[in-house]
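**Q** Pasting a structure below so you can have a look.
The values are calculated or read from the model by the stated rules, or taken from the named source; none is laboratory data. Quick caveat: nothing in here was measured; it's all calculated off a predicted structure. Cβ: placed from backbone, ideal geometry, glycine included. Neighbour counts: every protein chain shown. Calculation scope for accessible area: heavy atoms of the full protein, side chains included, ligands and nucleic acids excluded. Shrake-Rupley method; radii C 1.70, N 1.55, O 1.52, S 1.80 Å.
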Amino acid sequence: MSSRDTRLAASASRLRLLTVVLVTTAGAGGAALSAGWPYWRGHPASGVLHVSAVVSLMVAGVLLVTRPNTRACGLLALLAGLTRMVHWLSTWNVGVLPLLSGFGHAAHWLALGAALLLYPAGRSRSHGEALWISLAAVDLLGGNVVLVLTARPEWHGFDPAVVWPDIGTVDRDAYEITLDVLLVTDVLTALSFTALAVFRIRSLRGLDQDLGRPVLITACLVGLVGALAHPDLFGTEDAAGVPDSVAAANSVAPHNTVTALVPIALAVVVVRRRLVLATLADHLHRATRPATVEDVEASLRHVLRDDALRLYHLDTASTDLVDPVGQGGALDAARPVAIGAERWLLEVSAPLGGITALVDAEPGMREYRALVEAAVTAGLLALENARLRSRLRAQTGRLADARREITDVETRERVRIERELHDGLQQQLIALDMIAGMIQRIAVDPARERALAEIRRRLQAAGREVREIARGLHPVALDSGGLRSALEHQARHLRLPATLWVCAQRFSPGTEHAMYAVLAAALTTAASRTVRGPVQVAVWVAGSTLIGEVSEVVDAGRGLAPASGHETGYDQLAAVADQVRALGGSVSSARSESERPVVHRTTVILPCA
């Protein structure tokens, strides 16, 4: 189905629902007014309040019935509205209507109480709620049966000619005792209902706090009014001791008011639900930019009011569901608990099919499945972005690891070549120099002696060059003593007085060689100046970063030569900078032109974690 067809279907569904609501409003209003017309025509204000309560209950029931998870509550609300109209049929005082009125009254309060207790799941959440519904049915419906069987219609204020069961002789004293007993049980039923509602309010978690509290607070009011404004607590009898039906009707005005609050509370919940849905996408978009899986999880926790919510996403590398830090074992550990009553697992499907994520939430979230799915759907794009970013970070990490491995291999290869030059070629050159010296000492021809002296000079120069090449490839001091030892050796070799502050910590061969190569090149540059200034070398660790710096004074007001791009060391520095960048580091050079003395700094930064 195309998006246009989907929008048309949604519009048609909303139009049908609006039509049903309007028809229900008109029908329920007319029926409610007709049911109590003999009384409402003389008391229009009470009539408006009664009609409003009935219409609100019926409309709320229609709206709740349209949602699967609130369908049971909706049916109970509709029943409460219908039985409320049946109750007011007693004002006609003819036929079977007074008899039906009592049962309508009992069924109204039973249906209304059950609807409020079962909201929004449509089922009881504790044994106490189920027990209350059973006992309330016995008290309200069973008590009405007892009243009918132990009384005459005129004792209730009805015409003696109305339809009423006749079981023979009835006793007025027994009837009065029955009334007193039922008064106590009705009040206890109302108070226990209030206690259950208060207990539910105190145990609310997550979205229930936002979406269930208004309904339960109204339930508390219903219970209190039912207990404190019971008609039999007021003197609603005439001078002859016969109950006045009109006076009794006046006494239930508080019930009309509270009953009208029930649909208002439901309307508040519906509006809040719509408000949450409307702001979900915007909140997730703002809170997850740039998106990470941790950000999406934190946003879902905030929006759904569940601090224990966990989000597992599909790892593209292992094709397994993992938590935000990339661990899959946590999901396996959570499954036995989540499948039970303590947690709820919601699978999130990708647009092209397959599971892309799994939400581990409070079991109460089942009652708001549509809301949870809307929240996850709103965060799906952010989740996809987070997964891509996570995958990119993983690939970048693997690339960095590969670069470090290549650099370490290069360093090991440098060490091998350096040892071969030292142990092989350099030793051969020394041996040849010694042989040439021996021949020179026994030579008698001056020309041959001069030739041998030149050969020795060249051999010794070649040996020195081989040593320089070997030290440039990898200084022996770096392996044996680390960065401090190698930098001290380099400063002595250059005859450069320098102050060193170097940490004693050891690092990977590639990291140590890259750091040494940059600092050694900077020292070579400092040593090549015509006039040398003070030089300082510092190497320290900051978190997971290794930082090295060479600082030299190049202008102290005494004619120190400025750094030149043609000085020895600059070409070396440019060459080793690539090696540093391959490790994910950086090399920078700067001088403080605005201050005196002018200090030139060469800084190298390398990851060392």
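**Q** Can you tell me the accessible area per residue over segment 39-184, all protein chains present, probe 1.4 angstrom, in square angstrom?
**A** On the way: 6420 Å² over 146 residues.
Accessible area per residue, segment 39-184: 44 Å².
**Q** Given a 1.4 Å probe and heavy atoms of the protein chains only, how would you sort ILE430, ILE167, largest accessible area at the top?
**A** On the way: ILE430 75, ILE167 105 Å².
If we order ILE430, ILE167 from most to least accessible, we get ILE167, ILE430.
**Q** Check LEU494: other-chain or 5+ apart residues with amide H under 5 Å from its amide H, H built from backbone geometry?
**A** Hits under the 5 Å cutoff: none.
**Q** I've got another one for you. Can you tell me, using C-alpha contacts under 8 Å and at least 6 residues apart, the relative contact order of segment 107-185 as a whole percent?
**A** Numbers: 41 pairs, mean separation 20.1, N = 79.
It comes to 25 percent, rounded to a whole number.
**Q** All other residues with a Cβ under 15 Å from the Cβ of ARG484 taken together, and with Lys, Arg as +1 and Asp, Glu as -1, what is their net charge?
**A** Around ARG484, the charge tally is -2.
**Q** Read phi for every residue in segment 167-181 and hand back ³J(HN,Hα) as whole Hz from Karplus 6.51 cos²θ - 1.76 cosθ + 1.60, θ = phi - 60°, with x for Gly and Pro.
**A** For segment 167-181, the Karplus curve yields 10, x, 6, 10, 10, 5, 5, 5, 5, 5, 5, 4, 4, 5, 5 Hz.
**Q** Per-residue HN-Hα couplings for segment 113-126, Karplus 6.51 cos²θ - 1.76 cosθ + 1.60 at θ = phi - 60°, whole Hz, x for Gly and Pro?
**A** The phi angles translate into x, 5, 4, 5, 6, 7, 5, x, 6, x, 8, 6, 9, 8 Hz.
**Q** In whole percent, and with a 1.4 Å probe on the protein chains, what portion of the accessible area of segment 107-213 is carbon and sulfur? Show your work: numbers first, answer last.
**A** Values: 3280 of 5090 Å².
That fraction is 64 percent.
**Q** Which one, LEU97, VAL148, SER192, projects farthest toward the positive side of the charge dipole computed for segment 54-210 from Cβ point charges (K/R +1, D/E -1)?
**A** Checking the options against the dipole of segment 54-210, the answer is SER192.
**Q** If the label point is 7 Å along Cα→Cβ of ASP479, which residues in segment 506-531 have backbone nitrogen under 17 Å from it?
**A** Counting only backbone N, you get 507-514, 516-517.
**Q** Please find the FRET efficiency linking GLN428 to ASP578, where r is the Cβ-Cβ separation and R0 is fixed at 30 Å, and quote it to the nearest 0.05.
**A** Numbers: r = 33 Å, r/R0 = 1.09.
That pair, GLN428 with ASP578, gives E of 0.35.
**Q** If you don't mind, there's one more thing I want to ask. 5 Å is the cut-off here: which amide hydrogens, built 1.01 Å from N in the peptide plane, fall below it relative to CYS608, excluding neighbours closer than 5 in sequence?
**A** THR545, LEU546
**Q** Tally Lys/Arg at +1 and Asp/Glu at -1 over every other residue whose Cβ is under 11 Å from the Cβ of GLY397; what's the total? Walk me through the numbers on the way to the answer.
**A** On the way: positive: ARG391, ARG393, ARG398, ARG403, ARG404; negative: ASP401.
Within the 11 Å Cβ shell, the charges total +4.
**Q** Also, I was wondering about something else. Evaluate E = 1/(1 + (r/R0)^6) for LEU188 and ARG391, where r is the Cβ-Cβ distance and R0 equals 51 Å; express this FRET efficiency to the nearest 0.05. Write down the numbers at each step before the final one.
**A** On the way: r = 63 Å, r/R0 = 1.24.
The formula returns an efficiency of 0.20 here.
**Q** Cβ under 11 Å from TRP109's Cβ, TRP109 left aside: what net charge do those residues give with Lys, Arg +1 and Asp, Glu -1? Please list the in-between numbers first.
**A** On the way: positive: ARG84; negative: ASP139, ASP186.
Here the count lands on -1.
**Q** Once amide H atoms are placed 1.01 Å from N in the peptide plane, what residues at a sequence separation of 5 or more from VAL535, or on another chain, have their amide H within under 5 Å of its amide H?
**A** The answer is THR499.
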